[in-house]
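Accompanying notes for the structure given below.
The values are calculated or read from the model by the stated rules, or taken from the named source; none is laboratory data. No experiment lies behind these values; they were computed from the predicted model shown. Reconstructed Cβ throughout: ideal geometry from the backbone, glycine too, with neighbour counts over all protein chains shown.
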Amino acid sequence: MTENTTQLVVETHELGKRYGDRIQAVDGLSLNVRRGEVYGFLGPNGAGKTTTLRMLLGLIRPTTGSALVLGAKPGTSRALARLGSLIETPTFYPYLSGRDNLRVLARYARVPESRIATVLADVDLAGRAGDRFRTYSLGMKQRLGIAAALLKDPELLILDEPTNGMDPAGMAEMRPFIRSLGRGDRTVLLSSHLMGEVEQVCDRVGVISQGSLVGEGTVDELRGREGLWLRAEPLGEAQRLLADFRGVEEVERDDDGLRIAAEPAAAVEINRALVEAGIAVSELRPERPSLEKVFLELTNAEEEA
Amino acid sequence: MIRIVSAELLLLGKRASTWILLGIWAALALTFAYVVPYVQYTNDPSRASLAELLPESLVGTLMAGFPFFGGVLALMLGVLTIGSEYGWGTLRTLFTQGPGRLQVFGAKLIAIAATLGMFVLVAYALGVVSSLAIAAAEGANVTWPSAWLLFRGLAGGWLIFAAWAALGMLLAILTRGTALATGIGILYAFVIEGLFSALAGEISVLDRLVEFFVRANGYSLVAVLGVSPDDVGDRGPGSFSGPFVGGSQATLVLAAYTAVFVVVAAWLLRRRDVV
């Protein structure tokens with residue numbers, strides 16, 4: 001917890017959760033989410049994302065470490081009064097209408113019931129608000145979950161897979177909406193395993209694997225510098241030649257080509273040198289690892305370790 | 001707290017099971033307190049007493065059903081009030097709104113206490129209407145029980161319900177659901193207490209033990225209010241033939257059970273992870 005605490009909305013220090021002797025769901029997780037950012041919490045299924053978010057909400061107790069949410073202990077009224085959340089599938093009373101469900105929550109959260117119409121309109125659910133929750137599609141349930149999370153007009157929104165179950169059109173619509181929620185002072189902590197969603201929506205990303213944080217930064221930082229990608233014949237000879245080439249920092253095999261750590265502007269010189277050496281170049285283009293590739297590298301490395 | 005309680009009352013009020021249980025309770029109370037005995041009386045006046053069906057006997061006539069099927073219905077209401085929250089996952093929704101877990105539990109307790117009060121009042125209202133109708137049909141004089149007896153009847157009925165409902169809530173929290181909690185509750189009410197009660201006359205040590213059972217104290221409480229021990233000893237699966245304890249002990253034991261069930265339930269709810 002080294003950063004200025006007034007700017008940190010979520011701070012965890014060596015947070016851990018163990019179930020029995022065998023399952024270490026979260027392991028020494030130190031996470032800092034800054035005020036006003038949309039923070040993506042990225043990880044494969046079973047990585048410990050939901051367990052972490054549940055600890056931040058005070059629903060489950062950590063076995064090790066500590067956390068502060070909005071400067072308060074997780075699960076305290078001081079923290080909960082200023083945050084809204086949607087954890088996994090939205091959970092509401094099936095026999096109540098969407099509006100009545102929000103009415104119950106508004107009374108619990110001590111929020112004026114006039115907010116209900118606003119949040120229903122925000123998620124475009126006003127037309128079906130009078131129908132029972134049990135009749136809603138998964139996408140509508142998800143939207144009601146987001147409406148409930150917004151009831152308190154919270155400083156911090158914790159959203160766990162918010163586009164889960166939505167059709168492509170609904171997902172496309174929801175992403176800019178989530179992005180807009182993070183404007184101004186509001187902070188959004190978004191858990192997802194969808195790379196596209198995280199790339200489009202998040203300012204910073206933390207990658208979690210097997211309960212530990214294995215990477216953190218902006219999407220650009222995680223993807224690293226732009227380099228070059230080469231397909232040539234014979235490939236081994238091209239690799240040997242480029243290993244000592246001026247301006248090339250590193251060359252590594254990548255499937256059936258070479259990934260070259262060099263400025264894209266060096267492509268002309270590299271191409272000339274390869275052709276002059278009698279190497280047939282079939283493809284040479286600027287390349288940047290996708291977030292998905294980085295994600296797989298980070299999480300696979302952790303699994304192998 | 002008032003807004004949270006109003007939320008809980010909204011939940012109970014809009015839930016079909018609340019009204020279904022109330023309907024079953026009202027139908028059973030009316031049928032076994034007035035309809036069946038009155039049919040018996042009209043068929044063969046020597047087999048039933050008209051005096052028990054008149055307004056003066058209102059408390060004693062109505063109370064026999066409270067420790068038996070009334071208790072089981074209260075247990076089910078207690079189970080459903082909190083057990084369903086586990087099934088639907090709504091407990092975590094409530095626990096993330098702001099109020100602490102004990103406040104949430106407190107609001108549920110108040111709402112269920114009010115609902116149980118309504119159950120008691122509905123039974124008494126039906127009893128008043130039925131006994132007046134029978135008195136009118138038979139041309140009998142209308143005399144009402146004393147206000148003190150009426151108050152004790154209402155309070156005693158509520159206390160019996162409260163003990164069973166609190167047991168239901170505790171079982172629902174222990175088992176994190178409704179099905180197992182309902183099964184265990186009914187098994188305890190009918191089978192375990194029933195078997196121990198039946199054996200109590202033969203094994204003296206059980207006699208003392210049964211005196212501290214929920215059902216034994218419920219029946220003892222209604223016996224003090226005018227229910228005939230012979231009458232409850234001849235009620236099929238809900239029969240209870242003793243041992244009976246004094247009214248004060250019954251009141252204290254039921255209140256103690258209610259308090260213990262509530263405290264243990266609150267402790268568990270506050271302490272355990274909600275997944």
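Check whether at least one residue in region A:51-67 is within 14 Å of chain B (Cβ to nearest Cβ), of a type in the set (Gly, Ala, Ser), touching a Pro at 6+ places or on another chain (Cβ under 7 Å) and assigned to a helix (DSSP H, G or I), and report yes or no. Let's see the steps before the verdict.
To start, the set of residues in region A:51-67 that are within 14 Å of chain B (Cβ to nearest Cβ) comprises A:51-63.
After this cut, where a residue has to be of a type in the set (Gly, Ala, Ser) as well, the list is A:58.
Still in the list and also touching a Pro at 6+ places or on another chain (Cβ under 7 Å): A:58.
If we keep only those that are assigned to a helix (DSSP H, G or I) too, we end up with none.
Scanning region A:51-67, I find no residue that is within 14 Å of chain B (Cβ to nearest Cβ), of a type in the set (Gly, Ala, Ser), touching a Pro at 6+ places or on another chain (Cβ under 7 Å) and assigned to a helix (DSSP H, G or I), so the answer is no.
Looking only at region A:88-102, how many residues end up being facing chain B (nearest Cβ under 7 Å) and surrounded by fewer than 24 Cβ atoms within 10 Å (Cβ to Cβ)? First the steps, then the outcome.
Initially, region A:88-102 is screened for residues facing chain B (nearest Cβ under 7 Å), giving A:91-96, A:100.
After this cut, where a residue has to be surrounded by fewer than 24 Cβ atoms within 10 Å (Cβ to Cβ) as well, the list is A:91, A:93-96, A:100.
Count: 6.
So the check is Cβ under 6 Å with 6+ separation or different chains; which pairs have a first residue in region A:55-83 that's more than 16 Å from A:VAL33 (Cβ to Cβ) and assigned by TED's automatic domain parsing to the domain that holds A:THR12 and a second one that's of a type in the set (A, V, I, L, M, F, W, C) and part of a strand (DSSP E or B)?
A:PRO62/A:LEU15; A:ARG78/A:ALA72
Would you check if there is a residue in region B:32-48 being more than 20 Å from B:TRP144 (Cα to Cα), within 14 Å of chain A (Cβ to nearest Cβ) and within 21 Å of the chain's Cα centre (by Cα)?
No.
Being within 7 Å of chain B (Cβ to nearest Cβ) and either closer than 20 Å to B:ALA7 by Cα or among the acidic types (Asp, Glu) (or both) is the filter here; which residues of region A:72-87 pass it? Give the steps one after another, and end with the answer.
Within region A:72-87, the subset within 7 Å of chain B (Cβ to nearest Cβ) is A:77, A:80-81, A:85, A:87.
Selection gives A:SER77, A:LEU80, A:ALA81, A:SER85.
Mind listing just one residue for me: the one in region A:132-142 that is within 14 Å of another protein chain (Cβ to nearest Cβ) and farther than 17 Å from B:THR93 by Cα and, of those, modelled with the highest pLDDT?
A:ARG132
Considering B:GLY177, B:GLY87, B:GLY139, which residue is over 30 Å from A:LEU70 (Cβ atoms), surrounded by fewer than 20 Cβ atoms within 10 Å (Cβ to Cβ) and within 13 Å of another protein chain (Cβ to nearest Cβ)?
Going through B:GLY177, B:GLY87, B:GLY139 in turn, just one is over 30 Å from A:LEU70 (Cβ atoms), surrounded by fewer than 20 Cβ atoms within 10 Å (Cβ to Cβ) and within 13 Å of another protein chain (Cβ to nearest Cβ): B:GLY87.
Of all helices (runs of 4 or more DSSP H) completely enclosed by region A:206-288, which ones contain at least 3 residues that are modelled with pLDDT of 85 or more? If you could, list the steps in order and put the result at the bottom.
Working: elements: A:219-223, A:235-243, A:267-276.
It comes to A:235-243, A:267-276.
Would you mention how many residues in region A:220-271 are surrounded by 13 or more Cβ atoms within 10 Å (Cβ to Cβ), farther than 15 Å from A:LYS293 by Cβ and in contact (Cβ under 8 Å) with a residue 40 or more places away in the chain?
Adding up the residues that qualify gives 7.
Taking A:THR76 as the residue in question, decide whether it is within 25 Å of A:SER180 (Cα to Cα), at pLDDT below 95 and β-branched (Val, Ile, Thr).
Details: within 25 Å of A:SER180 (Cα to Cα): no; at pLDDT below 95: yes; β-branched (Val, Ile, Thr): yes.
Answer is no for this residue.
For B:THR61, which of the numbered conditions (1) out of contact with any Ser or Thr (no Cβ under 8 Å at 6 or more places or on another chain); (2) surrounded by 15 or more Cβ atoms within 10 Å (Cβ to Cβ) fails to hold?
That leaves (1) as the condition not met.
Answer yes or no: is there a residue in region A:224-243 that is of a type outside the set (Lys, Arg) and under 28 Å from A:ARG179 (Cβ atoms). Spell out how you get there, then give the answer.
Here is the first cut: in region A:224-243, the residues of a type outside the set (Lys, Arg) are A:224, A:226-230, A:232-239, A:241-243.
Now drop any that are not under 28 Å from A:ARG179 (Cβ atoms), which leaves A:224, A:226.
Scanning region A:224-243, I find at least one residue that is of a type outside the set (Lys, Arg) and under 28 Å from A:ARG179 (Cβ atoms), so the answer is yes.
If I ask for residues that are within 30 Å of the chain's Cα centre (by Cα) and among the hydrophobic types (A, V, I, L, M, F, W, C), which ones from region A:252-265 would you list?
A:LEU258, A:ILE260, A:ALA261, A:ALA262
Take residues that are of a type in the set (Val, Ile, Thr) and free of Cβ contacts under 8 Å to residues at least 60 places away in the same chain and tell me which of the helices (runs of 4 or more DSSP H) falling wholly in region B:20-120 contain 1 or more. Walk me through it before giving the result.
On the way: elements: B:36-43, B:58-63, B:71-88, B:90-95.
Where helices (runs of 4 or more DSSP H) fall fully within region B:20-120 and carry at least 1 residues being of a type in the set (Val, Ile, Thr) and free of Cβ contacts under 8 Å to residues at least 60 places away in the same chain, they are B:36-43, B:90-95.
Can you confirm whether A:ALA106 is over 26 Å from A:GLY196 (Cα atoms), surrounded by fewer than 22 Cβ atoms within 10 Å (Cβ to Cβ), in contact with a helix residue (DSSP H, G or I) (Cβ under 7 Å, 6 or more places away or on another chain) and in the same structural domain as A:VAL9 (by TED's automatic domain parsing)?
On the way: over 26 Å from A:GLY196 (Cα atoms): yes; surrounded by fewer than 22 Cβ atoms within 10 Å (Cβ to Cβ): no; in contact with a helix residue (DSSP H, G or I) (Cβ under 7 Å, 6 or more places away or on another chain): yes; in the same structural domain as A:VAL9 (by TED's automatic domain parsing): yes.
Judged against the criteria, A:ALA106 is not a match.
Which one of these does A:MET166 not meet: (1) in a helix (DSSP H, G or I); (2) more than 10 Å from the chain's Cα centre (by Cα)?
(1)
Taking only region A:103-126 into account, find how many residues are within 11 Å of chain B (Cβ to nearest Cβ) and either among the basic types (Lys, Arg) or in a helix (DSSP H, G or I) (or both).
As a first pass, look at region A:103-126 and keep what is within 11 Å of chain B (Cβ to nearest Cβ): A:103-113.
Of the ones still in play, those that are also either among the basic types (Lys, Arg) or in a helix (DSSP H, G or I) (or both) are A:103-110.
Within region A:103-126, residues that are within 11 Å of chain B (Cβ to nearest Cβ) and either among the basic types (Lys, Arg) or in a helix (DSSP H, G or I) (or both) number 8.
In the list B:PHE95, B:PHE69, which residue meets the criterion of being buried (at least 18 other Cβ atoms within 10 Å of the Cβ) and under 29 Å from B:VAL214 (Cβ atoms)? Break it down stepwise before answering.
Numbers: B:PHE95 fails: under 29 Å from B:VAL214 (Cβ atoms).
From the options B:PHE95, B:PHE69, the qualifying one is B:PHE69.
Name every residue in region B:139-159 that is of a type in the set (Gly, Ala, Ser), in contact (Cβ under 8 Å) with a residue 24 or more places away in the chain and assigned to a helix (DSSP H, G or I), in order of residue number.
Step one: filter region B:139-159 for residues of a type in the set (Gly, Ala, Ser), giving B:139-140, B:146-147, B:153, B:155-157.
So of that shortlist, the ones also in contact (Cβ under 8 Å) with a residue 24 or more places away in the chain come out as B:140, B:153, B:156-157.
Answer for region B:139-159, where residues must be of a type in the set (Gly, Ala, Ser), in contact (Cβ under 8 Å) with a residue 24 or more places away in the chain and assigned to a helix (DSSP H, G or I): B:GLY153, B:GLY156, B:GLY157.
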